[in-house]
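In what follows, a single structure is set out as structure tokens and then discussed.
The values are calculated or read from the model by the stated rules, or taken from the named source; none is laboratory data. In this text, all values refer to a predicted model and were calculated from it rather than measured experimentally. Ideal geometry is used to build each Cβ from the backbone, glycine not excepted, and the neighbour counts take in all protein chains shown. Areas reflect the complete protein model, heavy atoms only, side chains present, ligands, DNA and RNA absent. Shrake-Rupley method; radii C 1.70, N 1.55, O 1.52, S 1.80 Å.
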Amino acid sequence: MLSREDEIRLNELENQVDNGGGGTWEYLSLLRKLKLRRSDKVLTHGLSLLNDPKKRSALAAEEWTLYEQVAVAAMDCQNFDLAKDCINVLQKKFPESKRVGRLEAMLLEAKGSWAEAEKAYSSLLEDNPFDQAVHKRRVAMAKSQGNISGAIEWLNKYLDIFMADHDAWRELAEIYVSQQMYKQAAFCYEELILAQPMIPLYHLAYADVLYTLGGLENLQTAKKYYASTIDLTGGKNARALYGICLCTYAIGQLSKGRNKEDKDGSELQSLAATALERDYKYRAAGKLSILTSTLRGLKL
Amino acid sequence: MKRSISGESMQLCTVHTSAVNGILIGRLSAVNDVVEISDSIPLFHSQIGLLPSLEIALMMVEEYFSEKGLSIVGYFHANERFDDVELSNVAKNIGDHIHRYFPQASLLLLDNKKLEALSKGNDRSPVMQLYSKDSSRSWKLVGADGSSRLTTREPSANIVLLDYISSKKWEDLVDFDDHLDDISKDWLNPELFK
């Protein structure tokens, strides 16, 4: 998830570049920094820089970074000839480079030559078992071949070594969710929350997984994490507000006949409902009446 | 069916790096045993296997369309990988969930290969596969010889679809995920097909 400032800057630059207003290198650098996947734009705009000798020399040493970025974008857009050209340029400049070797292996992967790519990656890892990028390519390859259990296995092995890689934990959690392995996904989010407790995204995802698992205890915990998400986002997160309403309703359904759920429960739900209605009134007025009927259906 | 197909397939193009899904809106025709699909609402492009957003979406979509005499009649799913033509467990479970509340619901799975082949051929058949619940309570693919069939009302539907794809209309598509991230974005996409 992007921060507000990053998103604004990105849109600004993207508009500027798309309309021929310059700032191409800044835009491409921002994409690299934020690790965003906009391969069609990288290809178009990156090439315009590379094909202009003046602009290319203005980049100085950054020129090679651009070749690498364009090579990867070309692979993503299935333009293998262009990728090969970029890689050749880099090979000439950096003949023994492992980083270029990695690009070559990626090209094999992009073309679907799985066995050769696997050989290339394994040999790169033999030389450097701590090459994180190559480890991750292996996981990605397993995923593209539909070998989800393989991807899970490789990713778990990777996390045994690089347990501080938060992106990897998130990737694993998302794979688990796609396989409906919710308990395992919950574990991943627990690790993430332990490591970075102030990131609302993890609290929210954890709550969503717990709600999906169901059962009274999970619902009550989910509600707590929706509440902490609201806390961390200053009440601005619609998903968390909806989450409170859903949890309160579901808990109420499960507790029917047992001892009454605390009054705090319904108070929190009312607060969340009010916050949502206020938000919709100002930003999505056309949907306000649907929201109100939906919330009415969730009231205890 | 025209608008319906275009909306779903465009959603696929927007976020073609992950699985996407949507709800189909329509009505059971009084005349014959036909379920007319008149609209579709694109739902999610991330963490499709989670319940909370699905439940909210179902409630709000049903709320909106029941006023117009329409109902949820199906679920649309597109797989993440191009060569994956299987109906995944996630898709089946979401289909089941929807079917519980809307027993007339069927399931449509996007045929990625057919979609890609559109620009090359003259195929007028819908670019998706129809699944319905049989007596054994599982989702079965409906073949061309089966008792149910999927047809498009407009013969030029695929041409319109190709046009939308090439004009990059999918860049403007708003799905329910987008709405939940920013409620000012409208999942009804009122301006998109004008």
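What do you get for the angle between helix A:238-254 and the principal long axis of chain A? Use alpha-carbon atoms, 0 to 90 degrees, nearest ten.
The helix A:238-254 is inclined about 40 degrees to chain A.
Sort A:Thr233, A:Thr274 by accessible area with a 1.4 Å probe, largest first.
Descending accessible area places them as A:Thr274, A:Thr233.
Using unit Cβ charges (K, R positive; D, E negative) and no other charged atoms, how large, in debye to the nearest 20, is the dipole of segment A:132-208 about its Cα centre?
It comes to approximately 280 debye.
Taking chain A as the reference, fit the longest principal axis to its C-alpha atoms, fit the long axis of helix A:114-127 to the helix C-alpha atoms, and give the angle between the two in degrees, 0 to 90, nearest 10.
80 degrees
Quick one: dipole size for segment A:1-102, taken about the Cα centre, charges +1 on Lys/Arg Cβ and -1 on Asp/Glu Cβ, in debye to the nearest 20.
For segment A:1-102, the charge dipole is close to 400 debye.
Protein chains only, probe 1.4 Å: how do A:Thr292, B:Thr151 rank by accessible area, largest first?
B:Thr151, A:Thr292
For chain A, which longest stretch is free of loop sites, where a loop site is one of the trypsin sites (Lys or Arg not before Pro) that DSSP puts outside H, G, I, E and B and that has at most 14 other Cβ atoms within 10 Å?
A:38-235
What whole-number value in Å² describes the accessible area per residue of the protein assembly as shown for a 1.4 Å probe?
Per residue, the protein assembly as shown has 50 Å² of solvent-accessible surface.
Can you give me the C-alpha center-to-center distance between segment B:57-128 and segment A:54-99, rounded to a whole angstrom?
Using only Cα atoms to place each centre, the spacing works out to 41 Å.
Out of residues 5 or more away from B:Ile23 or on other chains, whose amide H comes under 5 Å of its own, with H placed 1.01 Å from N in the peptide plane?
Here B:Ile41, B:Leu43, B:Phe76 satisfy the definition.
Reported to two decimal places, what Rg/Rh ratio describes segment A:194-300 when computed on Cα atoms with Rh from the Kirkwood expression?
Answer for segment A:194-300: 0.98.
Nearest 100 Å² is fine: how much accessible area is buried between B and A, summed over both sides, with a 1.4 Å probe?
Chain pair B/A: roughly 2700 Å² of buried accessible area.
Just how large is the dipole of chain A about the Cα centre, in debye to the nearest 20, putting +1 at every Lys and Arg Cβ and -1 at every Asp and Glu Cβ?
Its charge dipole is roughly 860 debye.
Leaving out same-chain residues fewer than 8 places away, which aspartates and glutamates sit with a Cα under 12 Å from that of B:Lys185?
B:Lys185 reaches B:Asp172, B:Asp175, B:Asp177.
Hey, can you grab everything whose amide H is under 5 Å from the amide H of B:Asp111? Only 5+ residues off in sequence or another chain; H modelled, so Pro and N-termini drop out.
For B:Asp111, whose amide H was placed from the backbone, the distant partners under 5 Å are B:Met128, B:Gln129.
What is the distance in Å between the Cα centroid of segment A:126-183 and that of segment A:1-52?
If you average the Cα positions of each part, the centres end up 28 Å apart.
Residue-wise, which Karplus ³J(HN,Hα) couplings in Hz belong to segment A:212-223, taking 6.51 cos²θ - 1.76 cosθ + 1.60, θ = phi - 60°, and x for glycine or proline?
Result, ordered by residue: 5, 5, x, x, 4, 5, 5, 5, 5, 5, 4, 4 Hz.
What 222 nm value per residue comes from the helices of the protein assembly as shown, counting each DSSP H run with n ≥ 4 as -39,500 (n - 2.57) and dividing by all residues, nearest 500 deg cm²/dmol?
After summing the helix terms and dividing by residue count, I get -19000 deg cm²/dmol.
Anything over 28 Å Cα to Cα? Flag those among A:Lys119/A:Lys183; A:Lys33/A:Lys119; A:Lys287/B:Lys92; A:Lys92/B:Lys120; A:Lys84/A:Lys136, in the order listed.
A:Lys119/A:Lys183; A:Lys33/A:Lys119; A:Lys287/B:Lys92; A:Lys92/B:Lys120
Report ³J(HN,Hα) in whole Hz for each residue of segment B:134-142, in order, from the Karplus equation J = 6.51 cos²θ - 1.76 cosθ + 1.60 where θ = phi - 60°; Gly and Pro get x.
9, 5, 8, 6, 10, 7, 10, 5, 8
So what are the ³J(HN,Hα) numbers for segment A:37-49, from phi and the Karplus equation (6.51, -1.76, 1.60; θ = phi - 60°), rounded to whole Hz, Gly and Pro as x?
The phi angles translate into 9, 10, 4, 5, 6, 4, 4, 4, 6, x, 4, 4, 6 Hz.
Would you please give the residues with an amide H less than 5 Å from that of B:Val35, counting only those at least 5 places away or on a separate chain, with H modeled from the backbone geometry?
B:Ser29
Which of B:Leu110, A:Gly20, A:Phe130 sits farthest toward the positive end of the charge dipole of the protein assembly as shown, with +1 on the Cβ of Lys and Arg and -1 on the Cβ of Asp and Glu?
Farthest towards the positive pole: B:Leu110.
Pop out the carbon and sulfur fraction of the accessible area of the protein assembly as shown as a percent, whole number, probe 1.4 Å.
50 percent
Based on the Cβ-Cβ distance of B:Ser167 and A:Lys35, what FRET efficiency does E = 1/(1 + (r/R0)^6) give at R0 = 41 Å, to the nearest 0.05?
My answer for the efficiency is 0.90.
What nm value, rounded to one decimal, do you get for the distance between A:Leu59 and B:Glu191 when each label is placed 7 Å out toward the C-beta?
For A:Leu59 paired with B:Glu191, the spin-label model returns 3.5 nm.
If you average the sequence gap of Cα pairs under 8 Å that are 6 or more apart and divide by the length of chain A, what percent do you get for the contact order?
7 percent
So for the pair B:Asp182, A:Arg296, with labels modelled 7 Å out along Cα→Cβ, what separation do we get in nm?
Result: 3.1 nm between the two label points.
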